[in-house]
Amino acid sequence: MEWIKGFLKGFATTLKVLFRKPVTEQYPEYKRPLPARSRAVIILTRDPDGEERCVACYLCSAVCPVSCISMQSAEKEDGRRYPRWFRINFARCIYCGLCEEACPTLAIQLTPHFETSQRDVLKLVYEKEDLLVNHGGKNKDYNFYRHAGVTMVGDKGTHINEEEPVDLKSNLP
Ligand code: SF4
Ligand code: SF4
């Protein structure tokens, strides 16, 4: 008897939706706005000073489960690191977002832009020129170099966002 109950329940669900008005979106004429945090094509962003945020630390490349990020690091005269070249193979990328999670400078970000299909698979290999944009993406105001990567200025506890040093002995019972 149990199987009849399951059988009828299945049909009841079918009947319930059978006469419902279908929802058809006329893509590509109509493009549904996607949430800002949707994960598709990756960009390399710049900080508010216009400098490229990426410091070529290789963390995104190390964490990528399909090894589709590669780069070569270089250093400017003032010691600031940057990627001499930076490459993402979107034919392998699974848009998991782990690279974005790992990035300490918020340089690498996924965007909602997903219309990138190509017949020639090699066109899915993006170089730094294709990835680097002229804005800060989702985190416009963040400037990594104002928080870290610079020479210590002033005494301990006086740097931006740094807490006052504590007296360890005062914490003892
Ligand atoms: S989204 Fe995932 S698969 Fe794609 S580059 Fe980033 S870590 Fe790799
Ligand atoms: S994008 Fe971010 S995690 Fe990747 S190398 Fe540049 S700074 Fe490091």
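Just so you know, all these numbers are worked out from the coordinates, no wet-lab data involved. Only a predicted model underlies this, so the values are computations on that prediction, with no experimental measurement involved. As a convention, Cβ positions derive from the backbone with ideal geometry for all residues, glycine included, and neighbour counts pool all protein chains shown.
When a/c is below 1.5 the answer is rounded, else prolate if a/b is larger than b/c, else oblate, so apply that to region 1-43 with a ≥ b ≥ c taken from the square roots of the Cα gyration tensor eigenvalues.
Because a/c hits 1.5 or more and a/b fails to exceed b/c, region 1-43 counts as oblate.
Per DSSP H run of n ≥ 4, the term is -39500 (n - 2.57); total these for the chain, divide by its residue number, and report the mean residue ellipticity at 222 nm rounded to 500 deg cm²/dmol. Provide the component values of the computation, followed by the final result.
On the way: 4 runs with 31 residues, N = 173.
Roughly -4500 deg cm²/dmol at 222 nm, from the helical runs in the chain.
Using a Cα-Cα cut-off of under 23 Å, which lysines could be cross-linked to residue 140, ignoring same-chain neighbours fewer than 8 residues away? In chain and number order, the partners are 128. Once the Cα-Cα distance is subtracted from the 0.36 nm per residue extended length, the residue 138 to residue 15 segment shows a gain of 39.8 nm. Based on the convex hull around the alpha carbon atoms, region 39-173 presents an average projected area of 11.1 nm².
Can you tell me which of 65, 22, 35 moves the most in a GNM of the chain? Springs connect C-alpha atoms under 10 Å apart. Highest fluctuation among the options: 22. Exposed loop sites, defined as trypsin sites (Lys or Arg not before Pro) outside DSSP H, G, I, E and B with at most 16 other Cβ atoms within 10 Å, are absent from the longest region of the chain, namely 38-75. Restricting to the chain, what percent of DSSP beta bridges are antiparallel, rounded to 5? Taking every DSSP beta bridge within the chain, about 95 percent pair in antiparallel fashion. Taking the longest Cα principal axis of the chain as reference, the axis of helix 2-18 is set at about 80 degrees.
For the chain, excluding the exposed loop sites themselves (GluC sites (Glu not before Pro), DSSP loop, at most 13 other Cβ atoms within 10 Å), the longest remaining stretch covers 30-76. Let me make sure I get this right: for region 9-76, a, b and c are the square roots of the gyration tensor eigenvalues over alpha carbons, sorted descending. Under 1.5 in a/c it's rounded, otherwise prolate if a/b > b/c, else oblate. Which is it? Prolate shape, in that a/c is at least 1.5 and a/b is the bigger ratio.
Distant-in-sequence amide contacts of residue 40, defined by a placed amide H-H separation under 5 Å and a gap of 5 or more residues or a different chain, comprise 111, 113. Close lysine pairs were tallied over region 1-111: pairs 8 or more places apart or on different chains with Cα atoms under 28 Å apart number 4.
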